[in-house]
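To start, the structure under review is shown below, and the notes come after it.
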Amino acid sequence: MIDKQQVGFAAVGSLMSILFFMLVNFLTSPSEIWFIYPAFVLLFWPLSLASVRKGYYRLYSLLGSLLVIVFVLTINYMQSPEYPWFIYALFPVIWWPITMYSGCKAKTLTFAIISSISAILYYTILNAAISPEYPWVIYPAFAVIWWPLVLYYTRNKQYYRFSISASALMIAFFITVNVVSSPDTIWAIYPIFAVLWWPLSMYYFQVKRIKN
């Protein structure tokens, strides 16, 4: 059980450590601000203990996401202010408290579908607005589609159908990447050949065995 003394010790320890790193930073290498990296990690120490002690997990996700956003925004401004790369990290960070505040709804298939569609739309807009020369949105889209796909088939215990749908998704992904990245070289056939063994093996060891 976490008590007030542990939280207080973490707060004081974090503050003293941040001041120490700040002092060392400005005394040894004032031209490079690096103390913000350990400071970012140290701030989570008392925040985590206090949240766990009180059971404020939703509030923790909100404050934690704000801390991450401020940290990423600061790094972006300091290192490459000409390119706003911090916006790529915004969606998963913001979706953390959204998921926590959704409660039991976050476990539903509807929430998974909405989350996946939202992520795909968000990164599609970024892709079109910032770097339209290459459709890199296919990579995060491929990743987030797995969430509702896995949830639907595992809850219905349709593992053979899942292997078919998942294989179709991977085949479509490989073909798309092949076409947009290197259309002059047909390499997608090799991973597709390996993927096809998944539903085939599922059919042989599950479906066919049940029929027999």
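The values are calculated or read from the model by the stated rules, or taken from the named source; none is laboratory data. Nothing here was measured: the structure is a model prediction, and the numbers come from that model. Cβ placement follows ideal geometry from the backbone for every residue including glycine, while neighbour counts extend to all protein chains displayed. Accessible surface is based on the protein model in full, side chains and every heavy atom, while ligands, DNA and RNA are left aside. Shrake-Rupley method; radii C 1.70, N 1.55, O 1.52, S 1.80 Å.
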Output the residue which, of all residues in the range 1-49 that are β-branched (Val, Ile, Thr) and in a helix (DSSP H, G or I), is surrounded by the fewest Cβ atoms within 10 Å (Cβ to Cβ). Thr28
Here are Met100, Met170: which of them is free of Cβ contacts under 8 Å to residues at least 60 places away in the same chain, over 30 Å from Leu73 (Cα atoms) and not polar (S, T, N, Q)? Met170
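Yes/no matrix, rows are residues, columns are (1) modelled with pLDDT under 90; (2) touching a helix residue (DSSP H, G or I) at 6+ places or on another chain (Cβ under 6 Å):
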position	(1), (2)
Pro135	no, yes
Tyr153	no, yes
Ser163	no, yes
Ile171	no, yes
Pro191	no, yes
Trp197	no, no
Ser201	yes, no
Of the residues that sit in the range 50-72 and are in contact with a Phe, Trp or Tyr (Cβ under 6 Å, 6 or more places away or on another chain) and open to solvent by 30 Å² or more (accessible area, probe 1.4 Å), which one is nearest to Met16 (Cα to Cα)? Phe71
Select, from Ile75, Ile94, the only residue that is on the phi < 0 side of the Ramachandran plot, part of a helix (DSSP H, G or I) and open to solvent by 70 Å² or more (accessible area, probe 1.4 Å). Ile94
Show the residue pairs meeting these rules: Cβ distance below 7 Å; 6+ apart or different chains; first residue within the range 70-84 and aliphatic (A, V, I, L, M); second residue open to solvent by 40 Å² or more (accessible area, probe 1.4 Å). Val72/Phe86; Leu73/Phe86; Met78/Ile33
Do you know which residues across the range 100-151 are open to solvent by less than 30 Å² (accessible area, probe 1.4 Å), part of a loop (DSSP other than H, G, I, E, B) and among the hydroxyl-bearing types (Ser, Thr, Tyr)? Ser131
Residue check: is Leu169 closer than 24 Å to Val93 by Cβ, out of contact with any His (no Cβ under 8 Å at 6 or more places or on another chain) and of a type outside the set (Phe, Trp, Tyr)? no
